[in-house]
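Just below is one structure, and these are the notes that go with it.
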Amino acid sequence: MYIDKDSWGKYSINDLSERELFLLREALRVYVQLNLGRIHPMDNVAILSFDHQFNSITRNGKEKQQKMELPGR
């Protein structure tokens, strides 16, 4: 797994295994639960974007190849 930042300042997470995806999602779930109401709006957008893409990947059976774009700060 690696995190890439392109020339426009956008971050993307690449080459995640299924286990890494589930671990990252679980970590985000715990973070959101502990910080309910105290999450920066940009972090909220990034978390929702990741969750949407995670659900899309797991529903379609695609993994590793889809690039996950995270909004830049």
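The values are calculated or read from the model by the stated rules, or taken from the named source; none is laboratory data. Given the structure is predicted, the values throughout are model-derived calculations rather than measurements. Don't worry about glycine lacking a Cβ; one is built from the backbone with ideal geometry, like all the others, and counts go over all protein chains shown.
Structural remarks
- Test for Leu16: is it in contact (Cβ under 8 Å) with a residue 40 or more places away in the chain and surrounded by 13 or more Cβ atoms within 10 Å (Cβ to Cβ): yes
- Test result for Phe54, at pLDDT 75 or above, part of a helix (DSSP H, G or I) and over 18 Å from Lys5 (Cβ atoms): yes
- Scan the stretch 10-45 for residues that are in contact with a helix residue (DSSP H, G or I) (Cβ under 7 Å, 6 or more places away or on another chain) and basic (Lys, Arg) and the total you get is 1.
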